[in-house]
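Working notes, beginning with the structure itself.
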Amino acid sequence: MTEFSHIDEKGNVKMVDVTNKLLTVRVAKAEGKINMRPETIAGIKDGELPKGNVLNIAKIAGIQAAKKTSGIIPLCHQLNLSFVDIEFEFKSNSIWVRSFVKTKESTGVEMEALSAVSIALLTVYDMCKAVDKSMEISGVKLIEKKGGKSDHATGYRPKVGVITLSDGVVRGKREDISGEILADGFLNSGCVVDHRIVLEDGSDQLVPMIYDWIDSGLELILTTGGTGISPRDLTIEVLESIFESKLTGVEQALHAYGRGKIKTAMLSRLTAGLVKGTLVICLPGSPGATRDALEVLIPTIFHSFHMLKGEKH
């Protein structure tokens, strides 16, 4: 898909970096039509046009166009397409062309679907132009997109709190960078983030603080730090002792993403679960881990609140 990134201060256009985006199944559908005389349509159906089977050639052209989109659209990412199909529908004075494109990649296939329809329509035009000068192409548009961040209901935005567990931050030896990353990430996504605190590793205030925040209406609580393997890294054990249920899928997604970027992520510990209907996610304390968490969680984690309300998965 063509993703025109940010334009820098000099007005230069850059390609969007999708390296860290999740690989997900992505689907796009597009359509368009070509108007022509009824006699031309009859000739296509009967296979009597001079250049041969119009729809077969147009279908092949559309599939090829989808596969080569990155070569003709500037700044378009090269994708490994897993499926492309072109369908035709006859009307009294037009032919509708619809494309279906599928991949498992880190960016969408809208441009591939649109390219497929456009080139298929142009091929029909080329195959028929000798017998019909009245043809006109119109209505090319994207009609469906699935996958990535648009694949589920994520409109709801919860009230969020962030707890940093770090002896170093409490003692003023370093800044709370990870807590800031999490707070800014969820704030920028539209959440209210007005609860933040820094506690010592293994603090006995952690559980009471979480219960107080839940009672005050917080719906999502994120902790960062205290997840290593030293004797004072107790956040995992403490939180799991109050979980009413665990969200292992969230844990697996965070681990998988981290391991895909750096091998030492296998040494990180994290957990996620529900406490009195509030989602609590415990993350490692490194800035890199919290940035990765934002990529995985936003906006997908917001779908959990639709589910908690009884909406469909």
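The values are calculated or read from the model by the stated rules, or taken from the named source; none is laboratory data. From a predicted model like this one, the values you see are computed outputs, not experimental measurements. Cβ sites come from the backbone with ideal geometry, for glycine too, and all protein chains shown count toward neighbours.
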**Condition broken by residue 91, with the remaining ones in (1) surrounded by fewer than 19 Cβ atoms within 10 Å (Cβ to Cβ); (2) under 20 Å from residue 144 (Cβ atoms); (3) of a type in the set (D, E, K, R) satisfied** = (2)
**Fill in**
Taking segment 232-279 and keeping residues out of contact with any helix residue (DSSP H, G or I) (no Cβ under 6 Å at 6 or more places or on another chain), over 20 Å from residue 201 (Cα atoms) and among the hydroxyl-bearing types (Ser, Thr, Tyr) leaves 245, 248, 264
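Restrict the check to segment 45-68 and report whether at least one residue is among the acidic types (Asp, Glu) and within 19 Å of residue 111 (Cα to Cα).
We begin by selecting, within segment 45-68, every residue among the acidic types (Asp, Glu); these are 46, 48.
Checking the rest, the ones that are also within 19 Å of residue 111 (Cα to Cα) come to none.
The answer is no; no qualifying residue exists.
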**Among residues of segment 294-309, those that are touching a helix residue (DSSP H, G or I) at 6+ places or on another chain (Cβ under 6 Å) and among the hydrophobic types (A, V, I, L, M, F, W, C), counted** = 2
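In the set 114, 55, 79, which member is surrounded by 15 or more Cβ atoms within 10 Å (Cβ to Cβ) and either over 19 Å from residue 146 (Cα atoms) or in the same structural domain as residue 256 (by TED's automatic domain parsing) (or both)? Spell out how you get there, then give the answer.
Working: 114 fails: either over 19 Å from residue 146 (Cα atoms) or in the same structural domain as residue 256 (by TED's automatic domain parsing) (or both); 79 fails: either over 19 Å from residue 146 (Cα atoms) or in the same structural domain as residue 256 (by TED's automatic domain parsing) (or both).
The match here is 55.
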**Prompt:** Does residue 61 fit the bill of being modelled with pLDDT of 85 or more, surrounded by 23 or more Cβ atoms within 10 Å (Cβ to Cβ) and among the small types (Gly, Ala, Ser)?
**Reply:** no
**Asked** Which condition does residue 251 not pass, out of (1) surrounded by 15 or more Cβ atoms within 10 Å (Cβ to Cβ); (2) touching a residue at least 24 places away in the same chain (Cβ under 8 Å), if it passes all the others?
**Response** (2)
**Message:** So, residue 279, is that one out of contact with any Pro (no Cβ under 6 Å at 6 or more places or on another chain) and not in a helix (DSSP H, G or I) or not?
**Reply:** yes
**Prompt:** Only one of (1) more than 18 Å from residue 79 (Cα to Cα); (2) at pLDDT below 95; (3) aliphatic (A, V, I, L, M) fails for residue 124. Which number is that?
**Reply:** (2)
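Quick grid of which residues meet (1) more than 20 Å from residue 118 (Cα to Cα); (2) modelled with pLDDT of 65 or more; (3) touching a helix residue (DSSP H, G or I) at 6+ places or on another chain (Cβ under 7 Å); (4) surrounded by 12 or more Cβ atoms within 10 Å (Cβ to Cβ):
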site	(1), (2), (3), (4)
3	no, no, no, yes
16	yes, yes, no, yes
30	no, yes, yes, yes
39	yes, yes, no, no
